[in-house]
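The values are calculated or read from the model by the stated rules, or taken from the named source; none is laboratory data. The structure presented is a predicted model; accordingly, all values stated were derived computationally and were not measured. Reconstructed Cβ throughout: ideal geometry from the backbone, glycine too, with neighbour counts over all protein chains shown.
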Amino acid sequence: MIQLKLTKIGNSVGVVLPKELLAQLKVGLGDTLFCSEVPDGVKMTAYDESVAEDLNLAEEIMRSRRNVLRALAK
């Protein structure tokens, strides 16, 4: 577990993410993190799960309907 300390940043409050956590999340300066509420707290991820699910569904459709999509592209 990594402990994060809240700090004042202008009129806001923020946290500084240590390099170890950035490496675990595979993110860096300018990347976006997504926080979602889970039963035991908050989960922070480097991707939006709903977008990932939509992309997986789109890939399945593209594989199963490859011929239809190819015909539509003509």
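Could you please give the count of residues in the stretch 1-58 that are under 13 Å from the mean Cα position of the chain (by Cα) and part of a strand (DSSP E or B)?
Residues in the stretch 1-58 being under 13 Å from the mean Cα position of the chain (by Cα) and part of a strand (DSSP E or B): 6 in total.
Considering only residues that are of a type outside the set (A, V, I, L, M, F, W, C) and surrounded by 11 or more Cβ atoms within 10 Å (Cβ to Cβ), look in the stretch 32-74 and name the one that is farthest from Gln3 (Cα to Cα).
Once the filter is applied, the top-ranked residue is Arg65.
Give me the pairs, please: first residue somewhere in the stretch 53-67 and free of Cβ contacts under 8 Å to residues at least 60 places away in the same chain, second residue anywhere and assigned to a helix (DSSP H, G or I) and surrounded by 10 or more Cβ atoms within 10 Å (Cβ to Cβ), beta-carbon distance under 7 Å, and either six or more positions apart or on two chains.
Met62/Leu69
Confirm whether Gly28 is among the small types (Gly, Ala, Ser), at pLDDT 90 or above and touching a helix residue (DSSP H, G or I) at 6+ places or on another chain (Cβ under 7 Å).
Considered against the rule, which asks whether it is among the small types (Gly, Ala, Ser), at pLDDT 90 or above and touching a helix residue (DSSP H, G or I) at 6+ places or on another chain (Cβ under 7 Å), Gly28 comes out as yes.
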